[in-house]
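Below: one structure, written as structure tokens.
The values are calculated or read from the model by the stated rules, or taken from the named source; none is laboratory data. All values derive from a computational prediction rather than experimental measurement. Positions of Cβ are generated from backbone atoms using ideal geometry, with glycine treated the same way; all protein chains shown enter the neighbour counts. What goes into the accessible areas is simple: the full protein's heavy atoms, side chains included, and nothing from ligands, DNA or RNA. Shrake-Rupley method; radii C 1.70, N 1.55, O 1.52, S 1.80 Å.
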Amino acid sequence: MKMAIFRCPRREVGLVLAMLAAAWPVHSAPLNSIPDTPSLNNVRRQGWLQFNLRAGRIVVAGLRGVNFNHAGQLTPDRRERLTIRVSANEPILSYELTTPTFRFQVDVAAGNRVQIRRLPGENQPGPAVEFRQSPNEPVSLKVTESDEDRLYHAASIWHLFLAEPAAAREHLDPLLKILFREWDFSKTAEEIEAALVRMAQSGVPPDQKLWAQWVKDLGDASFAKREAADRHLRESGRVVASYLQRLDPATLDAEQRFRIRRILRALAELGNEESPPQLAMWLSGDVSVWLALLARDDEPTRRAALQRLQALVGHPLAFDPAADPQERGRQLDALRTALGEKSPDVAPKP
């Protein structure tokens, strides 16, 4: 059935989408709800595009040869615009839903460059929210309200939920649910955090010094030693991925860079089916994750995070989990500076 639709002329494909969109129930959604997106839902349901998460980043794939435009009026005051091009399994997608109360946009290029925006309608209250993802860069969430931009950066979507749970739950979760309607991102983030805490309280911490030695051995003159180090890093599982991603390429030789890229690709493929325990294992090797958990209100969580963080960096840290909130905030800021981590930016609009 799908292939038969793809062989239709472009005009007929647009007509099919228009008919399906017209038949879809539509409602006037408030700004903080998940709006109906009939054409986008249909594209996903038919399998023309697939939205996935891999290592906390959005990956979009499509059936090669899809090439059409569609614009339709859902009701007198609601309209959609959709463009899809798929070449070599790398889709270009542009989608817009306009209503009296908000405007929602999704743009995808090359399957992994993603921008999602939700803007309030003219003379409507509410924040403007924008999510951006580009290759080899942190993901970002920008919330604009009352002439102020709040800008959050993190290595992945899951890092962002752990580092800024309130902002992610309020602003990012509703955006992502438009593409991943079956997901409960906030609940999954809570389960990841619980798994991390259990791991820190009862598990053996990873040996970062051993990882460093294996990375060094990747550039050894002995082929057998390079192969052994490669194997050891792969066998460590996804917990080592965050460590490898944070290495400065300038400190590595060509052989080390080549092998690390190959190891990271192999470890990423293990994450196609990502459960909270699997995600926690991957995130547990990242210093920034445990710094985020040091900011929690729950003291046992802070103690567990400090224990794992000290194991990762290899020395005691000046942080008192039992100190008052103001003192903990000062200590955490000092730790972030010492460990090269940044806090979210909050800046007035220019």
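List the aspartates and glutamates whose Cα sits under 15 Å from the Cα of LYS209, skipping any in the same chain fewer than 8 residues away.
ASP217, ASP286
Using the Kirkwood radius built from alpha carbon pairs, what does the Stokes-Einstein equation give as D for region 203-323 at 25 °C and 0.890 mPa s, in µm² per second?
After rounding, the answer is 158 µm²/s.
Tell me, what is the FRET efficiency for ARG64 and GLU137 to the nearest 0.05, using R0 = 30 angstrom and their Cβ-Cβ distance as r?
Computed FRET efficiency for ARG64 and GLU137 comes out at 0.65.
Would region 82-199 count as rounded, prolate or oblate if I go by the C-alpha gyration tensor, calling it rounded below 1.5 in a/c and otherwise prolate when a/b exceeds b/c, oblate otherwise? Show your work: numbers first, answer last.
Details: a/c = 1.83, a/b = 1.17, b/c = 1.57.
Taking the square roots of the gyration eigenvalues as a ≥ b ≥ c, region 82-199 is oblate.
Binning every alpha carbon pair distance of region 215-262 at 10 Å from zero, what are the percents per bin?
Per 10 Å bin, starting at 0, the Cα pair percentages come out as 28, 60, 12.
Contour minus end-to-end for GLU299 and GLU170, with contour as 0.36 nm per residue of separation and end-to-end as the Cα-Cα distance?
44.0 nm
Explain nothing, just compute: Karplus ³J(HN,Hα) = 6.51 cos²θ - 1.76 cosθ + 1.60, θ = phi - 60°, for every residue of region 309-314 in order, whole Hz, x for Gly and Pro.
5, 5, 5, 5, 7, x
Taking the highest mean first, how do the peptides 151-157, 307-313 order by number of other beta carbon atoms within 10 angstrom per residue?
Highest mean packing first, the order is 151-157, 307-313.
Explain nothing, just the number: relative contact order of region 41-128, from Cα pairs under 8 Å at least 6 residues apart, as a whole percent. Numbers along the way, then the final one.
On the way: 186 pairs, mean separation 16.4, N = 88.
Across region 41-128, relative contact order equals 19 percent.
For region 151-286, which whole-number percentage of the solvent-accessible area (1.4 Å probe, protein heavy atoms only) is attributable to carbon and sulfur atoms?
Here it works out to 53 percent.
For the pair ALA322 and GLU255, what calculated FRET efficiency results from E = 1/(1 + (r/R0)^6), where r is the Cβ-Cβ distance and R0 = 35 Å, to the nearest 0.05?
E between GLU255 and ALA322, to the nearest 0.05, is 0.15.
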